[in-house]
Amino acid sequence: NNPEIGDVRVSFKEIKCTTVSVLGQLSSSSSSPLISSWPSKQGPGYDVALLSKGNTTAKDMIQTGQTTNNIWTWVKRIGGWLIMFFGFGMITQIISTAADISIRWIPLLGPMAASIIDLGVSIANVVLAS
């Protein structure tokens, strides 16, 4: 009964009983993902394993799952685009810095030329990230 470093502490919590709906394939005593036979946007053989609270129909569970997948797809696309945009911005910052150092000293035209180069680099970053 003397705890030592590295001992594992186990704790238990009570989960209130509630009704859930499970969409999957029952094999012996466990549930596994269902290999879909109905047409889906992802194509044949798309694995489905869904769990929702309450008494829900399979059609509603599938519709909710597809909506959730669609939302997460767009979140990942936008996040990936932002990461690429900032990455290309960091890579091409050397061009803006070099233009700023080499052109900025020219009176009147220097700052304008450096701004035009910065704009061109920013447009290139948007195009590359897309």
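The values are calculated or read from the model by the stated rules, or taken from the named source; none is laboratory data. None of the values given here were measured: they were computed from a predicted structure. Cβ: placed from backbone, ideal geometry, glycine included. Neighbour counts: every protein chain shown. Just the protein is used for accessible areas: all its heavy atoms, side chains included, with ligands, DNA and RNA removed. Shrake-Rupley method; radii C 1.70, N 1.55, O 1.52, S 1.80 Å.
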Item to check | Considering residues of the range 95-106 that are in a loop (DSSP other than H, G, I, E, B) and not β-branched (Val, Ile, Thr) only, the residue least open to solvent (accessible area, probe 1.4 Å) | outcome: Arg104
Checklist entry - Do you know which of the residues in the range 107-130 that are open to solvent by 40 Å² or more (accessible area, probe 1.4 Å) and either in contact with a Pro (Cβ under 8 Å, 6 or more places away or on another chain) or of a type in the set (Val, Ile, Thr) (or both) is nearest to Thr97 (Cα to Cα)? => result Ile117
Item to check | Tally, over the range 71-81, of residues that are surrounded by 11 or more Cβ atoms within 10 Å (Cβ to Cβ) and more than 9 Å from the chain's Cα centre (by Cα) | outcome: 1
Checklist entry - What residue, of Met84, Met90, is open to solvent by 100 Å² or more (accessible area, probe 1.4 Å) and either among the aliphatic types (A, V, I, L, M) or assigned to a helix (DSSP H, G or I) (or both)? => result Met90
Checklist entry - Restricting to the range 1-15, what's the tally of residues that are modelled with pLDDT of 85 or more and of a type in the set (Lys, Arg)? => result 1
Checklist outcome for this item: Scanning the range 21-35 for residues that are surrounded by 11 or more Cβ atoms within 10 Å (Cβ to Cβ) and of a type in the set (A, V, I, L, M), the one modelled with the lowest pLDDT turns out to be Ile35
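Yes/no per residue for (1) in a strand (DSSP E or B); (2) at pLDDT 90 or above; (3) open to solvent by 90 Å² or more (accessible area, probe 1.4 Å):
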site: Ser37; (1), (2), (3): no, no, yes
site: Gln42; (1), (2), (3): no, no, yes
site: Gly45; (1), (2), (3): no, no, no
site: Leu51; (1), (2), (3): yes, no, yes
site: Asp60; (1), (2), (3): no, yes, no
site: Thr67; (1), (2), (3): no, yes, no
